[in-house]
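Heads up, the thing below is written out as structure tokens.
The values are calculated or read from the model by the stated rules, or taken from the named source; none is laboratory data. What you see is a predicted model; the values in this text were computed from it and never measured. Note that we place each Cβ from the backbone using ideal geometry, even for glycine, and neighbour counts take in every protein chain shown. When the accessible area is computed, the model is the full protein with side chains, heavy atoms only, and any ligands, DNA or RNA have been set aside. Shrake-Rupley method; radii C 1.70, N 1.55, O 1.52, S 1.80 Å.
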Amino acid sequence: MIAPDRVAFTLFGLDVMWYGLLIGFGFLLATLISYKRAPKHGIEPDFILDLIIWMIPSAIIGARAYYVIFSWDEFSGNLMKIFDVRGGGLAVHGGLILCFFVGYFVCRHYKQSYIATADLTAVVIPLAQAIGRWGNFFNEEAHGGPTDLPWAQIIDGVGYHPTFLYESIWCFLVFLFLLWFDNHRRSFNGQIISLYMMLYSVERFFVEGLRTDSLMIGPLRQAQVISLCIIAAGLVLYFVMKKKQEEKIDKENI
């Protein structure tokens, strides 16, 4: 696979990057699906429109801040470079963390259930990720080490593991699974977000091991450390929320 020009088109003298277009399309599709499915979770559809107004800047700011913090040497000599996100340099974990933090206060303000909103959005987050990861392909970044596999990403004549593709495929499968599970098997609030946390983090842990541009925490790959923490948090949340549901049912049956 050889990436075409990372510039999709030029508008009024401004280059519009595939990276930004794909991220925007992922947000749009996730918003439309969440809007339609909101009543299933007891959420007002119009609240999704209010929520996305906060989530878009939160995702970008969180993802960029996280990347900058763990790549400070790249920006310390030119602070204005921090604001140049058009060419890449966004960390998924940072965006997710800030979105869930800000989302809590947005839900409180609009008097919507935070955990129900988390379940609703957890279905479509991996879909947005599956689409957005292709931005790495166009930017020729976030790839793995050299390989001669037939599906290798070719950069300057050398084949590399297309880690963006591995994650994109996995995230799309997670989206399909969570969509099915939410429709047919969900039995308590918090179940979907817990499953997303675990399923995404398992994939990220292994794929991160293939990448050559990982952000580091000392000698450790930070995405792998964070992934293990999120898996543990997802397990705890799953069983805590399941126990609450069981206790609620027991009380109703007394």
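Within 13 Å, Cβ to Cβ, of SER187, how many net charges do the neighbouring residues add up to if Lys/Arg are +1 and Asp/Glu are -1?
Values: positive: ARG185, ARG186, LYS242, LYS243, LYS244, LYS248; negative: ASP119, ASP182, GLU246.
It works out to a net charge of +3.
Residues considered: ASN183, ASN139, ASN78. Largest GNM mean-square fluctuation over the chain, using C-alpha springs under 10 Å, is found at ASN78. Computed from Cα atoms, the angle from the helix 45-70 axis to the main principal axis of the chain rounds to 50 degrees. The modelled label-to-label distance for the pair ASP213/LEU228, using points 7 Å beyond Cα in the direction of Cβ, is 2.5 nm.
Computed log10 I(q)/I(0) for the stretch 36-137 at 0.13, 0.22 Å⁻¹: -0.53, -1.13, from the Debye equation with unit scatterers placed on every C-alpha and solvent omitted. Computed from phi, the 3J(HN,Hα) profile of the stretch 154-171 under the Karplus parametrisation 6.51, -1.76, 1.60 (θ = phi - 60°) reads 8, 10, 6, x, 10, x, 10, 4, x, 4, 4, 6, 4, 5, 4, 5, 4, 5 Hz, with x in place of Gly and Pro. Values of log10 I(q)/I(0) for the stretch 70-196 across q = 0.10, 0.20, 0.23 Å⁻¹ run -0.46, -1.14, -1.26, by the Debye formula with one identical scatterer at each alpha carbon and no solvent.
Mind checking the full-extension length gain between VAL16 and SER76? Use 0.36 nm per residue of separation minus the Cα-Cα distance, one decimal, nm. Write out the running numbers ahead of the final one.
Values: separation 60, 0.36 × 60 = 21.60 nm, distance 2.68 nm.
Extending this stretch completely gives an extra 18.9 nm.
Relative to the longest principal axis of the Cα atoms of the chain, the long axis of helix 114-132 lies at roughly 20 degrees. If a spin label sat at a point 7 angstrom from the Cα of PHE206 along the line to its beta carbon, the backbone N atoms of the stretch 220-234 nearer than 18 Å would be those of 223-232. For the stretch 1-115, the share of accessible area belonging to carbon and sulfur comes to 69 percent (1.4 Å probe, ligands and nucleic acids excluded). Scoring 219-228, 157-166, 188-197 by mean Cβ neighbours within 10 Å over their residues and listing the highest first yields 188-197, 157-166, 219-228. With a simple spin-label model that places each label point 7 Å from the Cα along the Cα-to-Cβ direction, the separation between ILE154 and VAL7 comes to 2.3 nm. Note on the stretch 114-155 and the stretch 218-244: Cα centroid distance 20 Å, given to the nearest whole angstrom.
Rounded to the nearest whole Å², what accessible area per residue is found for the stretch 1-97 with the 1.4 Å probe?
Working: 5700 Å² over 97 residues.
Solvent-accessible surface per residue comes out at 59 Å².
Near GLY190, the amide H atoms lying under 5 Å from its own belong to ASP119; only residues 5 or more places off or on other chains count, and H is placed 1.01 Å from N. Between the Cα long axis of helix 191-208 and the first principal axis of the chain there is an angle of about 20°, rounded to the nearest 10. Using Cβ point charges alone (K and R +1, D and E -1), the dipole size of the chain about the Cα centre works out to roughly 840 debye.
Please name which of GLY89, PRO146, PHE177 has its Cα lying farthest along the dipole of the chain towards the positive end, using unit charges on Cβ (Lys, Arg +1; Asp, Glu -1) and the Cα centre as origin. Toward the positive end, the furthest listed residue is PHE177.
Where does the charge balance sit around GLY145 when Lys and Arg score +1, Asp and Glu -1, over other residues with C-beta under 15 Å from its C-beta? Write out the running numbers ahead of the final one.
Numbers: positive: ARG211, ARG221; negative: GLU140, GLU141, ASP148, ASP156, GLU208, ASP213.
Summing Lys/Arg as +1 and Asp/Glu as -1 gives -4.
Between amide H atoms placed 1.01 Å from N, distances below 5 Å from ILE217 occur with GLN222, all of them 5 or more places distant or on a separate chain.
Calculated accessible area for the stretch 101-254 comes out at 51 Å² per residue, all protein chains present (probe 1.4 Å; ligands, DNA, RNA ignored).
When each of the peptides 10-22, 123-135 is scored by the mean number of other C-beta atoms lying within 10 Å of its residues, the order from highest to lowest reads 123-135, 10-22.
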